[in-house]
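The next block holds one structure in the form of structure tokens; read it before the comments.
The values are calculated or read from the model by the stated rules, or taken from the named source; none is laboratory data. Quantities reported herein were computed from a predicted structural model and do not represent experimental measurements. In this analysis, Cβ positions are derived from the backbone assuming ideal geometry, glycine residues included, and neighbour counts consider all displayed protein chains. Quick note on the areas: whole protein, heavy atoms, side chains included, nothing else; ligands and nucleic acids left out. Shrake-Rupley method; radii C 1.70, N 1.55, O 1.52, S 1.80 Å.
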Amino acid sequence: MRGLGLLGLFLWGLGLAQASILYLPLDDRPPNWGPCAWERVACPPREVYRGPEGADLAALRAWLLASPGEKLVASLDALAYGGLLQSRHLALRAEDALARLGPLLSWKVRYGGELLLFGVVPRWDATQRQRNLAVLEALASWPGLPGVYLEAVWDDALRNSPAPREARALPYPSRPGADEAGQVLLLRALRPGLKVAVVYEDEALAERATPYEGIPLRDTVMGLLQSALAQRVSLEEGPDLVLYVYGGRNPRKATHDLLRLMPRFPVALADLSRVNRGDPGLMAYLVGLGLYPRLASYASWGTPANNLGSALAQGGLFLKDPEGRLRRLAEAYFAYWWGEVGRPWVRARFPEPLPVEAQEVAALWPYLELEGYRVDLEDLRFPWERSFEAEARLGWTILSLEFGGRARPTW
């Protein structure tokens with residue numbers, strides 16, 4: 001574990017994990033691990049998560065039991081199996097998986113905090129689907145315990161996938177998604193009751209069954225709002241945040257909508273035009289008209305539920321934090337750029353596992369300015385040695401002469 005033993009984890013927990021909110025991510029891919037760098041929550045040491053190998057479960061349990069807090073947002077699959085990838089194929093009896101979840105209740109008894117938990121209904125190709133479902137079914141009594149919230153999210157439901165039906169048969173809330181689930185529950189933990197108005201690019205989108213979801217888009221949106229404990233309101237009622245749902249039909253019309261909405265409300269933009277990629281036409285309008293830096297949040301990196309959940313969570317969590325909002329927008333732009341430019345370039349040139357030469361793609365990073373700062377791609381790494389996800393270290397430089405163009409610390 002690269003020099004971090006159980007004693008070190010225990011001491012780390014006593015000394016540093018005093019934040020009121022703890023977060024135990026699904027794994028260390030950027031969408032899941034990202035909140036650990038947001039200065040909102042306490043997380044396990046990064047060394048506990050080991051990429052495709054999965055989490056060190058003994059170290060994860062040690063960190064948890066040594067870390068007091070008022071609320072804990074936690075992935076069941078991380079504690080039971082080591083992460084999402086491992087949950088699909090790890091040979092483990094349901095009884096043993098359930099025993100690995102016992103420390104969650106021990107933490108609650110020890111510290112009296114609230115549990116906000118999510119488990120994943122597996123996708124079609126998981127060899128351990130029935131085992132995972134049995135574990136989720138065995139947790140039926142947990143939501144009845146005081147201070148315990150539990151939900152199930154289903155992962156990548158292709159046409160005719162049984163996952164939506166299986167999830168809805170569980171006696172607690174369920175919805176599509178997976179990699180954004182931690183972010184959404186953090187919004188529930190940190191800002192419950194957020195008033196959100198939902199605006200669709202085209203109202204007909206609400207009835208469309210989106211890729212990997214298996215249900216109408218309006219149901220996905222409502223499920224996310226319920227997960228976040230957000231309150232849906234109309235524009236006339238004065239929302240804290242507007243969630244704008246873009247389906248890729250007309251970027252020009254969407255831009256006009258944003259021009260109308262943004263002077264009145266903070267707007268979180270979820271780009272659902274393509275899976276794992278945004279719409280370059282819409283982004284050209286956003287950047288060219290100076291709208292992108294004024295957004296409350298933006299997401300285009302994943303499936304529809306991923307993007308909706310990320311935009312909603314980040315928009316709500318950083319409403320009153322201008323610098324944090326810009327940081328999240330810079331990260332979201334990197335994710336957009338990676339899907340549109342970086343990933344295709346790397347896949348056309350390198351096999352996986354990726355060699356270090358794949359980092360040469362960083363030379364393609366464009367000039368990006370956000371409210372008087374130039375955003376630079378200072379470093380790029382592939383935590384899972386594959387092209388699907390990339391982890392960036394972004395730096396910014398003040399462009400205004402008033403500040404002398406001084407470089408600021410890396411984000």
Quiz item: If you take the residues in segment 99-111 that are touching a residue at least 24 places away in the same chain (Cβ under 8 Å) and over 25 Å from the mean Cα position of the chain (by Cα), which one is nearest to Gln128 (Cα to Cα)?
Solution: Ser106
Quiz item: Under the condition of being farther than 27 Å from Ala157 by Cβ and aliphatic (A, V, I, L, M), which residue from segment 73-124 is least open to solvent (accessible area, probe 1.4 Å)?
Solution: Leu105
Quiz item: Arg325 is checked against (1) assigned to a helix (DSSP H, G or I); (2) closer than 18 Å to Glu391 by Cα; (3) among the charged types (D, E, K, R) and fails just one. What number does that condition carry?
Solution: (2)
Practice problem: Mind listing just one residue for me: the one in segment 334-369 that is in a helix (DSSP H, G or I) and of a type in the set (D, E, K, R) and, of those, farthest from the chain's Cα centre (by Cα)? | Solution: Glu357
Practice problem: Name every residue in segment 163-186 that is part of a helix (DSSP H, G or I), open to solvent by 10 Å² or more (accessible area, probe 1.4 Å), touching a Gly at 6+ places or on another chain (Cβ under 9 Å) and not basic (Lys, Arg), in order of residue number. | Solution: Pro164
Quiz item: Which of (1) open to solvent by less than 10 Å² (accessible area, probe 1.4 Å); (2) of a type outside the set (Lys, Arg); (3) outside any loop (DSSP other than H, G, I, E, B) does Val199 not meet, given it meets every other one?
Solution: (1)
Quiz item: Before we move on, is Ala313 within 13 Å of the chain's Cα centre (by Cα) and at pLDDT 95 or above?
Solution: yes
